[in-house]
Structures are given as C-alpha cells and as structure tokens.
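Structure record follows, encoded as structure tokens.
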C-alpha cells in the first residue's frame, strides 16, 4: 500500500475522533460560495484571532456537507479566509461549526459578500455561541421586508439537536394569518424563500414568530436588494 495512502488512513480516524463527539462551540449560521440571482457571486470571508498568549487551534465543519478544516493560531495571531467555503473544498450554502481545542473561542468575524469587479456589498454574519441558540420554549420573531417587490427575502434554519418549531405569521396589525409546525433533524441546514418557509405568500411587514417546541436551533432571515445585491441579516438567538 502506498505510504501516502497509509498516512491518510491514519489521519482520517484521528480527525473524526477529535471533531465527532464534540458539540460546536459557536456556529456561523449561514456561509456560502455560490452564484445567485441578479448575477450575484456570493462568498463568505472568515477571520479568526487568538486573543491569548497561548497557542490554540480547532476545527471548522461545513454543514450539512461534513467538510472539515483544521486551523492553528499562534499567540495573538490572526488567520483569514477570503472564501472559507471554497477553501474547505465546498460550494453552495450551509453553516459553519467552529470548535476549539480549549475553552476559549477566538474572536470571529464572518462577512457574506457579493464579489463583483467594481467592488463588494455584504453583511456581517455573527458567530453564535452554542448556548445562545434558541431552545425549548423560546419565542422570537423575524420581520418581512416593507417592500417585497424591491427585495428578495429568505429564511434559514440551522438545527443543533433535532428541533420542532411552531411558526405563526401575523400581519402588520397583529392579526394571525397562518400557522404551521416544522421539524428538523440534528445539524440540519435549510434556507428557502420566505413564502416557502411561511407556507403562505408573505405581505409587507408581516412578522414570522418562531416558538421552539423541542430541541434547539438558530433561525435567521436575509433581505437582498434585487438591483444591487446589497443585503441585511436578522438572526434570532436567546
């Protein structure tokens, strides 16, 4: 058997052993490297800074695809990725688990951006500590854009444990328009148009209430300008 193959076989179980049993310390709920509407070329840049005087490291896991990347940080050092999903050998949309070897998270900055020849437009995507994810009995709400002809609106969910969410759509006056229940497997990632997530055609200024019945999850929404691809982000957390 070739020596390179033997080395890979030895390293692979070690990688799975170190990343598999451990829950993520933080999650960037949406990252991507993909083409979109209006000639969009979406990427996600990531920066990690070690704020301590001791070397540290950890793992990045791109879900739901299961791609794994090791990172190492010298004392007070910063490591960056211009397109973290592509650097991990991936594409499309997903979420990013960040695991650390010790107890202290690095400083994390993630930015989703549309990369065009004349510059970029983008939005910062917060890294959510695992204990800040929505959990059982938590209630929070997203808001649909005030102009649904100018903006496209998507809703995403990243579950951690298996999760059940009750969704209630209310109009601007607070009148309930629709309710539904959604279930997600552990570590599931879903992003879809707001109408599909809501189960009804959204109206301007509708609220989308999320009530966690079981499990835990991070829920977010993106609003993207159809003309410029400029974007904003809502992230629900505890």
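Brief remarks follow.
- 107, 44 arranged by Cβ crowding within 10 Å, fewest neighbours leading: 107, 44
- Debye-formula intensities of region 118-158, expressed as log10 I(q)/I(0) at q = 0.24 Å⁻¹, are -1.11 (one equal scatterer per alpha-carbon, no solvent).
- Nearest 10 degrees, 0 to 90: helix 3-19 Cα axis against the chain principal axis: 50 degrees
- The ellipsoid equivalent to the alpha-carbon distribution of the chain has semi-axes of 33, 21, 16 angstrom, derived from the gyration tensor eigenvalues as √(5λ) and listed largest first.
- Note on the chain: with a GNM built from Cα contacts shorter than 10 Å, the maximum mean-square fluctuation among 39, 154, 118 falls on 118.
- Considering only 207, 38, 91, the Gaussian network model of the chain with Cα springs below 10 Å gives its largest mean-square fluctuation to 38.
- The chain: most fluctuating residue of 110, 40, 133 per GNM, C-alpha cutoff 10 Å: 40
- Computed over region 3-130, the ratio Rg/Rh where both radii use C-alpha atoms and Rh is Kirkwood: 1.00
- The simple Förster model, with R0 at 35 Å and r as the Cβ-Cβ distance, assigns residue 38 and residue 104 a FRET efficiency of 0.30.
- At q = 0.17 Å⁻¹, base-10 log of I(q)/I(0) for region 133-236 (Debye sum, equal scatterers on each alpha carbon): -0.72
- FRET efficiency estimate (nearest 0.05) - Cβ-Cβ, residue 238 to residue 175, R0 22 angstrom: 0.20
- For region 133-236: relative contact order, % (alpha-carbon pairs under 8 angstrom, 6 or more apart): 43 percent
- Averaging Cα coordinates gives a centre for region 52-103 and one for region 159-193; these two points are 29 Å apart.
Bear in mind that the values in this text are calculations on the coordinates, not laboratory data. Please read all numbers here as calculations on a predicted model, not as lab measurements. Don't worry about glycine lacking a Cβ; one is built from the backbone with ideal geometry, like all the others, and counts go over all protein chains shown.
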